[in-house]
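Here the structure comes first, spelled out in structure tokens, and everything after it is commentary.
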Amino acid sequence: MDKKEAERYRTLFETMSEGFALHELVYDESRNPIDLRYLDVNQAFERCSKMKAAEIVGKSAIETFGAASRQWIDRIIQVAVSGDAARFAAFCPEHQLHFEISAYRTEPGRVAAVFFDVTEASSDIRYAYRFLDSVVENIPDMIFVKEAKDLRFVRFNKAGEDLLGYKREDLIGKNDYDFFPKTEADFFTSKDRAVLDGKKLLEIDEEPIKTRLKGPRILHTKKIPILDEKGDPIYLLGISEDVTEKKQAEAIKQQLLHEQIAKEEAQTGIRVRDDFISIVSHELKTPLTALTMQFQMLPRILKNTPFDGKEKFFELFQSSIKQFERFSKLVDELLDISRISAGRIVLETQDSNLSSIITRALDLYRADSERAGCNLVLNLDSTIVGCWDPTRVEQIVVNLLTNAIKYGAGKPIEISTSRNGDNAVLAVKDQGIGICPTDQAKIFDRFERAVPVTRYSGLGLGLYITREIVQAHGGMIRVESELEKGATFFVELPLKLKAK
Ligand code: ADP
């Protein structure tokens, strides 16, 4: 280039309205490019940087514009290293300047950059920047932007300053390791990397953070990757809401709820226990009173009856035996309940014939059913043999039969057995008072009764125990009934006990 041409370029350089700077790369000891040194700048650059060329030339870009500008300085370094020209937006927080930078490599290790000052550009752009700034500043959640390469902060809003307890000047150009304990910084950084690598938004419901002035806080954070025109991540946008108070309120609410439930459960427990004690006392008292009266009568009968009046004794003893049986059944039910509460019922299984079990139970209650006016109709398959605990299966039959006698007095009772695949089915059908649909679901629960205590005796435990025994055998029990049209209880027992 001759002297004249050089002068022409110089004039153009000096008179162009855009800031222009020529830089060379600055390396660390390991030859990694870390900064830029100004070789030449024009007057427009002086104007927009508000510094004289003499102050700038020879100085590094970081020295001149501060660490807060690291992000765009790194982009120029990138151009110098790769040789790929680039145009991008930049913000210099120190001078509150917005630029468009167009950078290109002039020769190895040197890079030129043209700065279009958009801070002072058209009023439209200014308005757009200011609008964006005030939106970001006024959002009550922390907003931060990190550059993708080193995850250094390039933008930080007011809510973020208030939350973390640092001024943005302290934060910009730094990364998490400069402010947070290593484990916390590792956590944040790993999430940031995941967002940038996956190029997908990430929502962190609860992010614990140690702040300088407000102590430990919990944030709800969204991290969003910002991609360049080629689709590569260049920034990471973070939006964090401080949910500490919300979480504390939720925790208190939960705790109150738990306390309330515990209190209600305790109250229900006390009520159930009180009801239970009163029912049990009443039920045990009835046969006891009868027995006491009968035994009180004994001496008088002995004294007044000639020795051949043994029918009277016979009747008295028969009736006493019934009361003893009733007493003993109640105590058995109570024992079963405590066994069930302590764990499951232990079965002593063996091959058992269902008909034989039923016949044994019927023998015990034939007289009762006759007294109640219940004709027993049997429809039994005598070949059904299952691996069951015969005493417990007998208890099932007895419970269903005594209920049928109690609630279906005066009408026939039908007992039938059949096979259904690998199961035996027992059905006990009466034509008594029946059970309304809403009660059908609960009568298998403890202490649940669908009849008045005064009219029918009982603890409301028989069906509960029956269901426990059926389930211990791997079977199921259900009822079909209509009010005043009788009830049929179906029990299905697997022929072979399934391994649990
Ligand atoms: P209990 O007979 O001692 O009350 P159960 O657990 O055997 O207790 O029965 C629970 C309730 O189911 C009974 O109180 C009664 O309301 C109802 N129930 C049971 N069997 C029959 C039946 N065969 N017919 C009508 N209601 C019945």
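Compared with the dominant Cα axis of the chain, that is its longest principal axis, helix 390-407 is turned about 70°. Our estimate of slack between Arg193 and Leu376, defined as 0.36 nm per intervening residue step minus the Cα-Cα distance, is 57.9 nm. Peptides 92-103, 261-272 ranked from most to least packed by the mean count of surrounding Cβ atoms within 10 Å: 92-103, 261-272.
If you fit an axis through the alpha-carbon atoms of helix 3-15 and take the longest principal axis of the Cα set of the chain, what angle between them do you get, 0 to 90°, nearest 10? Once rounded, the angle reads 50 degrees. What is the sum of charges around Ala427, taking Lys and Arg as +1, Asp and Glu as -1, for the other residues whose C-beta is under 12 Å from the C-beta of Ala427? Overall, the nearby charge balance is -3.
Wrap a convex hull around the Cα atoms of segment 1-70, take a quarter of its surface area, and give that in square nanometres.
Values: hull surface 23.4 nm².
For segment 1-70, averaging the hull's shadow over all directions gives 5.8 nm².
Remark: segment 93-211 carries a charge dipole of roughly 360 debye about the Cα centre, counting +1 on each Lys and Arg Cβ and -1 on each Asp and Glu Cβ.
Kindly rank 160-171, 346-357 from highest to lowest mean number of other beta carbons found within 10 Å of each residue. Show your work: numbers first, answer last.
Numbers: 160-171: 17.7, 346-357: 15.2.
The densest-packed peptide leads the list: 160-171, 346-357.
Taking 7 Å steps out from each Cα toward its Cβ at Ser319 and Lys50 produces label points 11.4 nm apart.
Once the Cα atoms are used to define both axes, helix 462-472 deviates from the longest principal axis of the chain by about 60 degrees.
Pairs of Cα atoms nearer than 8 Å and 6+ residues apart set the relative contact order; for segment 340-463 it is 23 percent. One Cα centroid belongs to segment 421-479, the other to segment 152-209; the line between them spans 63 Å.
Based on other C-beta atoms within 10 Å, arrange Cys436, Cys374 from fewest to most. Don't jump to the answer; show the numbers that get you there.
Numbers: Cys436 12, Cys374 24.
The order, fewest Cβ neighbours first, is Cys436, Cys374.
Simple point charges give the picture: +1 on the Cβ of Lys and Arg, -1 on the Cβ of Asp and Glu, and for the chain a dipole about the Cα centre of about 1600 debye. Positive-end ranking of Phe313, Ala67, Asn353 along the dipole of the chain, with charges on Cβ about the Cα centre, is headed by Phe313.
How big is the Rg/Rh ratio for the chain, C-alpha atoms only, Rh by Kirkwood, two decimals?
Details: Rg = 45.9 Å, Rh = 31.9 Å.
Taking Rh as the inverse mean 1/r over Cα pairs, Rg/Rh reads 1.44.
Treating each Cα of segment 1-154 as one equal point scatterer and applying the Debye formula with no solvent, the log10 of I(q)/I(0) at q = 0.10, 0.17, 0.18, 0.21 Å⁻¹ comes out as -0.39, -1.06, -1.16, -1.47. Label zone of Asp178 (point 7 Å out along Cα→Cβ, amide N under 18 Å): in segment 28-64 this covers 34-36, 60-64. Quick one: if the Förster radius is 25 Å, what FRET efficiency do Ser17 and Ala89 give, using the C-beta to C-beta distance and rounding to 0.05? Using R0 = 25 Å, I get an efficiency of 0.85.
Using per-residue counts of other Cβ atoms within 10 Å, averaged over each peptide, order 70-82, 196-208, 391-403 from highest down. Provide the component values of the computation, followed by the final result.
On the way: 70-82: 20.4, 196-208: 13.0, 391-403: 22.1.
Ranking the peptides 70-82, 196-208, 391-403 by packing returns 391-403, 70-82, 196-208.
Just want the answer: with Cβ charges of +1 for Lys and Arg and -1 for Asp and Glu, which residue in Gly432, Ala80, Ile204 is farthest toward the dipole's positive end in the chain? The residue sitting most towards the positive pole is Gly432. In percent, rounded to a whole number, the relative contact order of segment 1-124 is 23, using alpha-carbon pairs under 8 Å and six or more apart.
Judged by the gyration tensor of its Cα atoms, with axes a ≥ b ≥ c, segment 270-408 is oblate; a/c meets the 1.5 cut and b/c is at least as large as a/b. Need the C-alpha centroid separation for segment 49-70 versus segment 321-396, integer Å. Each part's Cα centre sits 99 Å from the other's. Restricting the calculation to Cα atoms, segment 182-334 shows an Rg/Rh of 1.65 when the hydrodynamic-style radius is the Kirkwood one. Magnitude of the charge dipole for segment 330-371, about its Cα centre and with charges confined to Cβ atoms of Lys, Arg (+1) and Asp, Glu (-1), is about 60 debye.
Coordinate-derived values only; no laboratory data. Remember, it's a predicted structure, so these values are computed and weren't measured experimentally. When we count neighbours, we look across all protein chains shown, and the Cβ atoms used for this are built from the backbone with ideal geometry, even at glycine.
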